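Quick notes on the structure that follows.
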Amino acid sequence: MPFFDDLWFETRIIARSLGDALGGRGLRLGVTGLSRAGKTVFVTSLVHNLVAGGRLPVLRVVAEGRMGRAILKPQPDDAVPRFSYEEHLAALTGEDRHWPESTRRISELRLTIEFERANGWSSGKSSLTVDIVDYPGEWLLDLPLLGKDYAQFARETVAASAAPGRAALAGQWRDTLAADDPDAEADEERARISARAFADYLRASRADRYALSTLPPGRFLMPGDLDGSPALTFAPLRLKDGAPIRPGSQAALMARRYEAYKAHVVRPFFADHFARLDRQVVLVDALAALNSGPEAVRDLERALGDVLSAFRVGARSSLATLFRPRIDRILFAATKADHLHHTSHDRLEAILRLLAGRAIGRAEGLGAEIDVVALAAVRATREAEVKHGRETLPAIVGVPMAGETVGGETFDGEAEAAIFPGELPADPKRALDGEALALGDGEADWRFVKFRPPVYAKGEFGPVPAPQIRLDRALQFLIGDRLA
Amino acid sequence: MSDAAPPRPRAFRLAPATDPAGAPRLEGGASIAPETFDPFAKEAEAALDPDEARVERAQAQGMASKRRFSLAAVFWTASGLLVSLAAGLWIDRIVEDLFSRSRALGAVGLALAAIALAALAGLVAREARAVLRQRGIARLHAGLAAARAADDGRAARVLVAELAGLYAHRPETASARAELARLQGEIVDGRDLIDLAERTLVAPLDRRARAEIAAAARRVSAFTTLAPRAALDVIFVAAQAIRLVRRIAEIYGGRPGALGLLRIGRSALAHLAVTGGVAAGDTILQQVLGHGIAARISAKLGEGVLNGLLTTRLGLSAMAVCRPAPYAAIAPPGVTDVAPFLLKGWKAAGEQKDVG
């Protein structure tokens, strides 16, 4: 009964919004990005800087001396895991300093910021409650599925797997696909085999070497507690155009499970989390894509466009839009900006602007403000100039992670080195030119090395926040207006 | 140069430091120079200029002030309405009395009352337009400052077009406007576009405003020195100050009426109050006053120069708040730039006294 489903779905969203509206003037900040974009580090550093009073000169409330203190509050949503800030901070600042584990599921953290209001007739002491919701960007790719039926989903996924960049990776799954007959009797074993082959293909395209972004369904990569359940045991089949799906056939089984996936995975996420966000930051690891090659960069552009189309979902649904809180600011941030010299940051931002351009164009009608910034939530390097022969190269100095290679040197994770990562093109379009994918060391004009976290200074009350790059500007854009 | 292959990515290992305080060394014959300044701190500074913040706060207190609840406002609104009612009643009485004497007189009275009412409505509309225009300028100022700090090309294009529109009726800005219109379509950084607009479009207005301030300062100091009565120069200085603020607002595209002028005056005074302390740090002034020369020369001349300085400071504050673009490419002028003769006068007087 899709009609009642829809009605129930809308009612729940409206009830939630009303509850939020009556419950106080909090702000829900969504943090997302495709995996390895640096979400966990971003949230950890953001909270650390606010709680421990890090240097955030561009955040007006700090610059104007109106900032009181920020404290962590008990997590309000009982069914959502808490963002384990303390563990992640310990990972960063511990003896064996390493980047914290990545986001595998949704998590939330409540932070209360006390400050003095500067204007408005309610001047004086005030506080703002910020709920930071951290969730995998792959889940956003699922949201457009709400508007698609199984036949459309299958057609698009099969078509995408034939693209030149993916064809090689999808080979095995495409073999399984060819062997599947959508019109055959429903068979659980066949369904499991195709689902596994499909999931393997999705996983393979995410590997570091290719750095392709993901296709929906996003939960195939991070199944969590739904692993093995029917809602996650389906795969696209090669359907005949226009032919109806015969009841009892394999295709009918897949279609039912696809609907179940939408009902049990996608909709709850949309209603309980996504529709309640006020501000959103989308973190993008452009450097990994640039490392891999132009094909990966183009793929990232497509994924960003898809992610942004998620922000449109539900925009045309009738009544709910009246009550639904809207995301009114979206920030696109190229993370890990400390992995290249500051003279290249403008070029990195230009590339990100180009990548997100289509997405920004789409968001235009949403009435959301959009900004683009290159940032580093934790700055792991410092800058220097290296004179070698007659050349002077702008370089960054840090400890590269074990196994990283550049210019024929391989690092062990202990030695410090000055790295010249190459120059990004002045014309951002050049980063998208070409067919190359999974380039090795020495094949591209640039090579970005991953660095270990910096050594944190120990202060009186635990580690002192490490320097950051433009985290304060991002914060000013995301929450600064509510701290005026 | 541009055709040469770009340098390849490379790594240089840092030799383990033998001396922790010593400079780092590189293996393989290259040398390394650590960055001496923090580029990101500089950027943060540019994004949050304290002078600019002061100007915007001052604007928010006067020209761009939002309506907000206050007891004073309620009192004035209620009293104003009461007075209007009283005036209405009074006019009604007069017209009635006139009618009771003769129909013709009554008709004349009624017509006069109608004309007065229409004129009043016109005045109010003009005032409202002037206030809105001034608020628009303040908003443009804040928008340009924000777009410049964020280097936002899209916002910069919109705002610069708006800025050019503000001066569309002034023939002397034609070439600057044409140049900016040409750049709108080209690939120019937001920051560069705003800087260019300031240099080409606003700088000529700055020159006029500065000349206006200098003239006012000269008049005030001369009149104070020569005026026979203290009361007279108070009136003169106040009148000159009002005139100066009005002229500056007009130069930058505002058309203040009485209420608008009041608001600009409030902003200018708010700005003067926060920057006054900085101005007292003007080295020459400090030196002069510090040495107590003021006491040694003619009291009247001293008063004249002080009044002149005050007028200049007020003019500079009015300039800062009325200017539709923030000071960025052009450094904000100080007293020495605008009215150097005042300080020279001090010095010359001091030297004369020393010699004599």
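Each peptide in B:256-269, A:294-307, A:178-191 gets a packing score, the mean of other Cβ atoms within 10 Å over its residues, and the list from highest to lowest is A:294-307, B:256-269, A:178-191. Under the simplified labelling scheme, the A:Lys387-A:Arg196 pair shows an inter-label distance of 6.3 nm, with each label point 7 Å from Cα along Cα→Cβ. You can think of it this way: the chain between B:Val274 and B:Phe341 has 21.6 nm of extra reach, that is 0.36 nm per residue less the Cα-Cα gap. Would chain A count as rounded, prolate or oblate if I go by the C-alpha gyration tensor, calling it rounded below 1.5 in a/c and otherwise prolate when a/b exceeds b/c, oblate otherwise? Note, shape of chain A comes out oblate. Starting from the Cα of A:Ala162, step 7 Å along the direction of its Cβ; do the same at A:Arg12; then give the gap between the two resulting points in nm. The answer from the label model is 3.7 nm. In the protein assembly as shown, the DSSP-assigned H stretches of four residues or longer account for a calculated mean residue ellipticity at 222 nm of -16500 deg cm²/dmol, using -39500 (n - 2.57) per stretch and the full residue count as denominator.
Remark: chain A carries a charge dipole of roughly 1300 debye about the Cα centre, counting +1 on each Lys and Arg Cβ and -1 on each Asp and Glu Cβ. Taking the charge dipole of the range A:382-461 about its Cα centre, with +1 at Lys and Arg Cβ atoms and -1 at Asp and Glu Cβ atoms, the residue from A:Leu432, A:Trp446, A:Pro394 reaching farthest to the positive side is A:Pro394. Taking each residue as 0.36 nm, the span from A:Ala186 to A:Asp328 lengthens on full extension beyond its C-alpha to C-alpha distance by 46.5 nm. For the residues of A:405-417, the average number of beta carbons from a partner chain within 10 Å of their own beta carbon is 3. Only beta bridges with both residues in chain A are counted; by DSSP, about 60 percent of them are antiparallel.
The listed peptides B:55-63, B:79-87, ordered by packing as a protection proxy, come out as B:55-63, B:79-87 (highest mean of other Cβ atoms within 10 Å first). Computed from the Cβ-Cβ distance with R0 of 25 Å, the FRET efficiency linking A:Arg256 to A:Ala179 stands at 0.70.
When peptides A:280-291, B:147-158 are sorted by average Cβ neighbour count within 10 Å, with the highest value leading, the order is A:280-291, B:147-158.
Only one residue of B:Ala125, A:Val80, A:Pro164 has its Cα farthest out toward the positive end of the dipole of the protein assembly as shown, where Lys and Arg carry +1 and Asp and Glu -1 on Cβ, and that residue is B:Ala125.
Is the shape of the range A:351-477 best called rounded, prolate or oblate, per the rule: a/c under 1.5 gives rounded, else a/b larger than b/c gives prolate, else oblate, with a ≥ b ≥ c the square roots of the Cα gyration tensor eigenvalues? Oblate is the answer for the range A:351-477, as a/c is 1.5 or above yet b/c matches or exceeds a/b.
Say the dipole of the protein assembly as shown comes from +1 at the beta carbon of Lys and Arg and -1 at that of Asp and Glu; which of A:Gly248, B:Ile94, A:Gly305 then lies farthest toward its positive end? Farthest towards the positive pole: B:Ile94. Look at the stretch A:384-395: the mean tally of other chain Cβ atoms within 10 Å of its residues' Cβ atoms is 5. Here each label is just a point 7 Å from Cα along the line to Cβ, and for A:Asp427 and B:Arg93 those points are 8.3 nm apart. Counts of other chain beta carbons within 10 angstrom of each beta carbon in peptide A:423-435 average 1.
Where a number appears in this text, it was derived from the coordinates with a stated rule and is not lab data. Computed from a prediction, not measured in an experiment: that's the story for all the values here. Cβ coordinates were reconstructed from backbone atoms using ideal geometry, including for glycine residues, and neighbour counts include every protein chain displayed.
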